[in-house]
Amino acid sequence: QRPDEINDLAEAAQAVTTQVSVSGTLSGALSVGTYDDLLGAVLCNDWAEDGTVRNGKVYKTWSIVEAIGEKWFVRPGAVCTSAQLTFSQGSFAQVSFDFTAARQDQADADPASGYLDAPTGTVLDTVGNFGGVTIDGTTPDGCIRTLSIKLDRNGSGADYGNGHADACGVRHGELEASGQLQMFFKSYAVYERYASGKGGPIAVTVTDGT
């Protein structure tokens, strides 16, 4: 930051470092099981034995390690602040996760003691793997063109204190689930539902064929 200091040289005041913020996005093609841990992180919960997960109070942070050349960047204290799943006609299913970390360190050696095997799930497409949408238990008349689901942790972020520029804590915020649905206009049923402000559950079915 630069203070609004007036000086004899009529030039901008010297900049002052008040805090260092580290954030980024991890995105990829969606396949079943690949991003389960990250979906659980943004929902602040663990997956149940029946294969479901819902919003909870199991707060988690991550250390995100990235190898660039002969060194590694280590970003500890990372909290997942947002996730988005997108199903668009003419494309494959996509997913993205936003993170805010406490700081970024540089390492000369890989800090990870081991790695899990890469997932083998098939990338989901929007033809054979998209099972459809129901609104309050009813399938809409028009064909679906685009569907996006967003999970935001409103109010999440890093907290800072004096004496150091990196974060000393994180806030997980509260969950807000939202989405967007684009479909062909085949009847007035969905529009009239929207215009009247009627609520209800929206269910999306996506499978990997197994």
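The values are calculated or read from the model by the stated rules, or taken from the named source; none is laboratory data. Quick caveat: nothing in here was measured; it's all calculated off a predicted structure. When we count neighbours, we look across all protein chains shown, and the Cβ atoms used for this are built from the backbone with ideal geometry, even at glycine. Just the protein is used for accessible areas: all its heavy atoms, side chains included, with ligands, DNA and RNA removed. Shrake-Rupley method; radii C 1.70, N 1.55, O 1.52, S 1.80 Å.
Residue pairs whose Cβ atoms lie under 7 Å apart, sitting 6 or more positions apart in sequence or on different chains, and linking a residue in segment 91-116 that is closer than 17 Å to residue 78 by Cα to a partner that is among the acidic types (Asp, Glu) and open to solvent by less than 70 Å² (accessible area, probe 1.4 Å), are 102/166; 103/166. Taking the criterion of being assigned to a loop (DSSP other than H, G, I, E, B), surrounded by 15 or more Cβ atoms within 10 Å (Cβ to Cβ) and among the small types (Gly, Ala, Ser), the only residue of segment 1-55 that qualifies is 21. For segment 20-72, the tally of residues that are under 30 Å from residue 164 (Cβ atoms) and aromatic (Phe, Trp, Tyr) stands at 3.
Summed over segment 91-119, the residues that are closer than 17 Å to residue 81 by Cβ, out of contact with any Lys or Arg (no Cβ under 7 Å at 6 or more places or on another chain) and open to solvent by less than 40 Å² (accessible area, probe 1.4 Å) give a count of 6.
Residue count for segment 139-156 under the criterion of being in contact (Cβ under 8 Å) with a residue 40 or more places away in the chain and surrounded by fewer than 17 Cβ atoms within 10 Å (Cβ to Cβ): the result is 7. Residue 77 meets each of the listed conditions (1) open to solvent by 30 Å² or more (accessible area, probe 1.4 Å); (2) more than 30 Å from residue 183 (Cβ to Cβ); (3) part of a strand (DSSP E or B); (4) not hydrophobic (A, V, I, L, M, F, W, C) apart from (1).
Examine segment 138-149 for a residue that is within 16 Å of the chain's Cα centre (by Cα), closer than 28 Å to residue 25 by Cα, of a type in the set (Ser, Thr, Tyr) and not in a loop (DSSP other than H, G, I, E, B), and state whether such a residue exists. Scanning segment 138-149 turns up at least one residue that is within 16 Å of the chain's Cα centre (by Cα), closer than 28 Å to residue 25 by Cα, of a type in the set (Ser, Thr, Tyr) and not in a loop (DSSP other than H, G, I, E, B).
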